[in-house]
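The values are calculated or read from the model by the stated rules, or taken from the named source; none is laboratory data. Quantities reported herein were computed from a predicted structural model and do not represent experimental measurements. Backbone-built Cβ (ideal geometry, glycine too); neighbour counts: all protein chains shown. Each accessible area value is taken on the protein alone, full model and side chains, heavy atoms only, with ligands, DNA and RNA left out. Shrake-Rupley method; radii C 1.70, N 1.55, O 1.52, S 1.80 Å.
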Amino acid sequence: TGDTSLYQIFERINSSGRSLLPQEIRNCVYQGPINTLLFELNENEKWRKLWGSERRDDRMRDLEFILRFFALSDDFIMNDDNAPARISLKKYLNQFMELSNHESKISDLRIRFNSTIDYVFDTFGLSAFHNYSKEQQKWIPAFSPTIYDSIMISSDEALKRGIHLPNQKLAQQSKQKLLETQEYQNLLYQETMRTPNIKSRVNLMFESVFHEDW
């Protein structure tokens with residue numbers, strides 16, 4: 001499941017010309033409701049601003065990050081004791097996309113992504129998915145995949161718990177303070193697909209930014 005023979009065939013014959021990236025292959029293999037949803041959500045205006053470009057990525061990396069949010073925020077990764085100690089991101093995204101390719105799952109996924117993007121945009125602004133350089137005392141322009149995970153999944157959890165939108169200035173200060181710690185920087189760059197590290201990145205961000213008494 002999730003690492004289908006069809007995906008492997010696409011991957012193996014894709015050896016001449018421009019090699020397809022994993023999401024480009026998924027776009028061929030996993031046609032259906034979930035694939036259509038990814039294209040729809042990719043048009044979200046606030047997502048485009050947070051991604052950093054109005055232009056759609058012609059290698060579908062922006063689509064893959066939407067899928068990544070759904071997959072890594074899944075209860076199996078965040079709360080199940082049977083989750084593996086480490087995941088292969090490519091294979092796990094394949095599995096999640098295949099298992100979610102049902103019309104009955106689409107409405108909930110749509111609402112979660114759009115609500116979370118609204119929440120993130122209003123709370124953190126355009127630097128939401130950016131790292132902070134303590135030495136240079138400024139936000140780093142590049143989109144950070146691991147900060148994206150941390151912010152999106154912790155914000156999704158805040159929405160599930162009904163935590164009111166934090167004061168933007170205080171939320172950004174709390175995020176910056178966390179990013180200035182070496183412990184957190186290690187989690188952002190070292191063994192990023194170890195399940196305990198994914199959980200730690202998200203939980204520390206949640207504890208730092210979102211409080212029941214906002």
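Quick notes
- Positive-end extreme of charge dipole, the range 76-127 - chosen from F121, Q95, M78 (charges on Cβ): Q95
- The chain: relative contact order as a whole-number percent, Cα under 8 Å and 6+ apart: 22
- Loop exposure criterion: GluC sites (Glu not before Pro), DSSP state outside H, G, I, E and B, at most 15 other Cβ atoms within 10 Å. Applied to the chain, the longest stretch between such sites is 55-134.
- Computed [θ] at 222 nm, helices only, for the chain once each DSSP H run of length n ≥ 4 contributes -39500 (n - 2.57): -19000 deg cm²/dmol
- Proximal lysine pairs, the range 38-179, alpha carbons under 16 Å, eight or more residues apart or interchain: 6
- Each Lys and Arg adds +1 at its Cβ and each Asp and Glu adds -1 at its Cβ; summed about the Cα centre, the range 1-132 shows a dipole of about 460 debye.
- The accessible-area ordering, largest first, of the residues K138, K177 stands as K177, K138, per a 1.4 angstrom probe.
- Sites D108 and F39, calculated FRET efficiency, Cβ-Cβ separation with R0 25 Å, nearest 0.05: 0.90
- Summed over the residues of the chain and divided among them, the accessible surface reaches 51 Å² per residue at a probe radius of 1.4 Å.
- Accessible surface for D108 stands near 90 Å², nearest 10, in the context of the full protein assembly shown (1.4 Å probe).
- Rg(Cα) / (2.2 N^0.38 Å) computed for the chain, rounded to two decimals: 1.03
- In this structure, Q176 and K49 have a Cβ-Cβ separation that, at R0 = 25 Å, corresponds to a calculated FRET efficiency of about 0.80.
- Approximate spin-label separation L21-R194, in nm, with each point projected 7 Å along Cα-to-Cβ: 2.7
- Computed on protein heavy atoms with a 1.4 Å probe, the accessible areas place R59, R26 in the order R59, R26, largest first.
- Of the solvent-accessible surface of the chain, computed with a 1.4 Å probe and all protein chains present, 48% belongs to carbon and sulfur.
- When H102, H130, H211, H164 are compared by accessible area at a 1.4 angstrom probe, the order from most to least is H164, H102, H211, H130.
- In plain terms, the bigger the Kirkwood radius, the slower the diffusion; for the range 48-110, with that radius from Cα pairs, at 10 °C and 1.306 mPa s, Stokes-Einstein puts D at 120 µm²/s.
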